[in-house]
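Laboratory data are not the source of any read-out in this text; all were calculated from the coordinates shown. Predicted model only: the values in this text are computed from it and were never measured. Heads up, the Cβs are rebuilt from the backbone with ideal geometry, glycines too, and the neighbour counts pull from every protein chain shown.
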């Protein structure tokens, strides 16, 4: 069973803003010629392009629940959790709490990586929006936060073994 992961309004705004900024920073050096006739800052466009497309490749696209696992689909490197290791699943009624990003992405194509909150501790986020979120706890103590468009149906499907 598959579940969509649509971008929320804040992720859309951040993605559009960063896309415009990166585009301007990539185009600007092309039109800036140094004294020796070579385009200046050739490494900036390359670095920005690598960052932008690297983030896109690892961003969550959708979620699926198979007979044996829960899977976060990305363009590369899908992330899966065996269903047998899932201890609990709950909808976060107020959305994700304020958390510090310790390693990850905070808005460009979603929010994903490792985040920390004083009440919940370390969490792995694979979310595209901050309002429809689900907390998955594993038997090893991991906390994974996801954001399927239909959170209620997702929880029901994941709890149904």
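GNM remark for the chain: springs join alpha carbons under 10 Å apart, and the peak mean-square fluctuation among 16, 144, 27 falls on 27. Going by neighbour counts of Cβ atoms within 10 Å, the residues 94, 137 line up, fewest first, as 94, 137.
The stretch between residue 80 and residue 46, if pulled fully straight at 0.36 nm per residue, gains 9.1 nm over its current Cα-Cα span.
For 154, 75, 22, 3, the sequence from fewest to most other C-beta atoms within 10 Å is 75, 22, 3, 154. The value obtained for the chain, namely the Cα convex hull volume divided by the number of residues, is 116 Å³ per residue.
Could you compute the FRET efficiency for residue 131 and residue 21, with r as their C-beta to C-beta distance and R0 at 22 Å, rounded to 0.05?
Details: r = 25 Å, r/R0 = 1.14.
The calculated FRET efficiency here is 0.30.
Remark: the residue 53-residue 156 segment gains 33.7 nm on full extension, using 0.36 nm per residue and subtracting the alpha carbon distance.
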